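Written below as structure tokens is the structure these notes are about.
Read the figures in this text as sums done on the coordinates, not as results from a lab. Quick caveat, the model's predicted, so the values are computed rather than measured. When we count neighbours, we look across all protein chains shown, and the Cβ atoms used for this are built from the backbone with ideal geometry, even at glycine.
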Amino acid sequence: MTKTPKSDDKRSPLKDKPLRYPGQSLDSEIDEVRMNIAFYVGLAFLIATVAFYEWWHFIKKIPPQPVIAVITAAVISLYSLMKIRQLRKRLAHLRLGRDGERIVGQALEELREQRYAIFHDIVGTDFNIDHVVVSPHGIFAIETKTYSKPTKGNSIVAFDGEKITLPGRRPDSKPIRQSIANANWLRNDVLLVSTGKLFPIIPVVVFPGWWVEETGKKEHVWVLNPKMLPKRISQEPISISEADAYLAAYHLSRFVKMSS
């Protein structure tokens, strides 16, 4: 006689969590902003309904007065509209960032044909690395910066070796410092801890949709357009053995799955 398994005898057949996809952290933030927008829309609708109900009582000469309800509805509705406007701007910003990460992720896909390992959205403590490429040419920690372009004028990102300048913005060294910090964390706190080896990691900042002009260079830091990235990686000299590249990719894969 075959025994029918009870529901609590079952378990998931999946041993590991799936790897993360490009822009997954931003997708989570987008979902959160959408929920906030829905909350304020619902709140404004609820208060408007209460105000209508009070006016109905007033017209029908039912005792309750509508003045307090209307004032409350107006204040809360105005507040909700203000919050919705702020959240919509935040939502547009997050969508732009997510789409930029996906474009970079798609540009990196051609490297899989060369058996390079590609990882997306590696999460640390209160930060993430958008993409990591593991190859015999080195390991690359890639930070995506997606900015809106001006409707008129040039669309050039200038890198002087220390700071990045976009049209209408002040020179900014933060993206460079961020990419270096990401690379150091990946090398020292992830791969060195898990493999016992100190791997060479190149920090990279990419600007989807922009032309990048280097007026100066910083050693071991790249600033470029994502279309240039696969070729630039493939042209780097071999710096890691295939065995070490496999080792780094294996342990990085385990880290991503365990931290998801």
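Filter the GluC sites (Glu not before Pro) in the stretch 152-260 to those in DSSP coil with at most 14 other Cβ atoms within 10 Å of their Cβ, and list the result.
The qualifying sites are Glu162, Glu219.
Run the dipole for the chain about the Cα centre, Lys and Arg Cβ at +1, Asp and Glu Cβ at -1, nothing else charged, and hand back the magnitude in debye, nearest 20.
On the way: 37 positive and 27 negative charges, 166 e Å.
In debye, rounded to 20, the chain gives about 800.
Setting aside same-chain residues fewer than 8 positions from Lys83, which aspartates and glutamates have a Cα under 19 Å from its Cα?
Glu29, Asp31, Glu32
Just Val134, Val75, Val206 to compare: in a GNM of the chain, with alpha carbon springs under 10 Å, which one fluctuates most?
Val75
Please get the size of the charge dipole for the stretch 24-98, origin at its Cα centre, with Cβ charges of +1 on Lys and Arg and -1 on Asp and Glu, quoted in debye to the nearest 20. It would help to have the intermediate numbers written out before the result.
Working: 10 positive and 5 negative charges, 50 e Å.
Rounded to the nearest 20 debye, it is 240 debye.
Which helices, counted as full DSSP H runs in the chain, have an axial Cα extent of no less than 24 Å and a Kyte-Doolittle average of -1.0 or above? Spell out each step's value before the answer.
Values: long enough: 24-59 (53 Å, 0.64); 67-108 (61 Å, 0.48); 242-259 (25 Å, 0.05).
Length and hydropathy pass: 24-59, 67-108, 242-259.
How much length, in nm to one decimal, is gained on full extension between Leu198 and Ala74, taken as 0.36 nm per residue of separation minus their Cα-Cα distance?
Details: separation 124, 0.36 × 124 = 44.64 nm, distance 6.13 nm.
Net length gain for the segment: 38.5 nm.
How large is log10 I(q)/I(0) at q = 0.11, 0.13 Å⁻¹ when the Debye formula is applied to the Cα atoms of the stretch 115-259, each weighted equally and without solvent?
Log-scaled intensity ratios, in q order: -0.42, -0.58.
For Lys217, go through the aspartates and glutamates and keep the ones whose alpha-carbon is under 14 Å away, minus same-chain ones fewer than eight residues off.
The qualifying aspartates and glutamates are Asp160, Glu162.
Among bridges DSSP assigns within the chain, what percent are antiparallel (round to 5)? Could the numbers behind the result be given before it?
Details: 15 of 29 bridges.
Within the chain, antiparallel bridges account for around 50 percent of the total.
If you filter the stretch 193-238 for trypsin sites (Lys or Arg not before Pro), then keep DSSP loop positions with at most 14 other Cβ within 10 Å, what is left? Please report the intermediate quantities before stating the final value.
Numbers: sites: Lys197, Lys217, Lys218, Lys227, Lys231, Arg232; in loops: Lys197, Lys217.
When the trypsin sites (Lys or Arg not before Pro) of the stretch 193-238 are filtered for loop state and at most 14 Cβ neighbours within 10 Å, Lys197, Lys217 remain.
Using +1 on the beta carbon of Lys and Arg, -1 on that of Asp and Glu, and nothing else charged, what's the dipole of the stretch 117-210 about the Cα centre, debye to 20?
Numbers: 10 positive and 8 negative charges, 69 e Å.
For this selection, approximately 340 debye.
Taking percent of Cα pairs over 34 Å apart straight from the coordinates, which label in [x] 30; [y] 39; [z] 25 is the correct one?
Comparing each candidate, only [y] matches the computed number.
Mind jotting down the distance between the C-alpha centroids of the stretch 170-212 and the stretch 113-147, whole Å?
Measuring centre to centre over Cα atoms gives 9 Å.
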